[in-house]
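What follows is a single structure, written as structure tokens, with notes after it.
Derivation of every value follows stated rules applied to the coordinates shown; laboratory data play no part. No experiment lies behind these values; they were computed from the predicted model shown. Cβ atoms come from the backbone with ideal geometry, glycine included; neighbour counts cover every protein chain shown.
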Amino acid sequence: MTQHNLLEDWLAQEREQNARFDAGPGAGVARPEQVAGLGGLELMQAMLAGQLPYPPIARTLDFLLIEAEDGRAVFQGTPGPAHLNPMGGIHGGWYATLLDSAMGCAVHTKMPAGRGYTTAELSVNLVRAIGPKAPRIRAEGKVVHAGRQLATAEGRLYGPDGTLYAHGTTTCLVFERTAR
């Protein structure tokens, strides 16, 4: 598949996902009764289906969840002027937030009902500046280990031509969730 065709596929998938999000409850945080009894993968799939709110940061930083399966999550972002640092490049925090989201949500897919997680450590290596040739960027997170107290994941940030922009790892603290 050519880079142009892959980008077209990414854009089509983005339009379809945005339509599901727009038809659903919108941005926000799910209420406890909405997620009671759901495992992490079920919750992520309900969000993808537009049945649960998606996180408000997705609109703030112009990215969205595209895929979630057991031990894996993919986000897609649109780098733009709102994400520039003072030197005119895409801010490293944008790279880090996409990777943190993808790796964290990959960990989330491994959580049984009643269990949660939080990022305890995040390491991001920026290897290349995101330039105008990358109208969309994907962050893919994959679980390396999911235990009772800790989970680890790795992630990659790449463009439709396969260019690697950053990679990272996370360690997440796993815990029992309490009702809010």
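Things worth noting here:
- FRET efficiency, 1/(1 + (r/R0)^6) with R0 30 Å, evaluated for Thr60 and Ala120 via beta carbons: 0.80
- Sequence-separation-based contact order of region 3-176, relative, with Cα cut under 8 Å and 6+ spacing, percent: 22 percent
- Length gained when the stretch Ala19-His4 is fully extended (0.36 nm per residue, less Cα-Cα span): 3.1 nm
- Sequence-ordered 3J(HN,Hα) estimates for region 47-63 from the Karplus curve with 6.51, -1.76 and 1.60 and θ = phi - 60° stand at 5, 4, 7, x, 8, 10, x, 9, x, x, 4, 4, 6, 4, 9, 6, 9 Hz, glycine and proline given as x.
- With a cut-off of 16 Å on the backbone N, the residues of region 53-90 near the modelled label site 7 Å out from Gln45 along Cα-Cβ are 66-74.
- Expressed per residue, the C-alpha convex hull volume of region 36-180 stands at 111 Å³.
- Total formal charge among the other residues, if their Cβ is under 10 angstrom from that of Pro160, Lys/Arg +1 and Asp/Glu -1: 0
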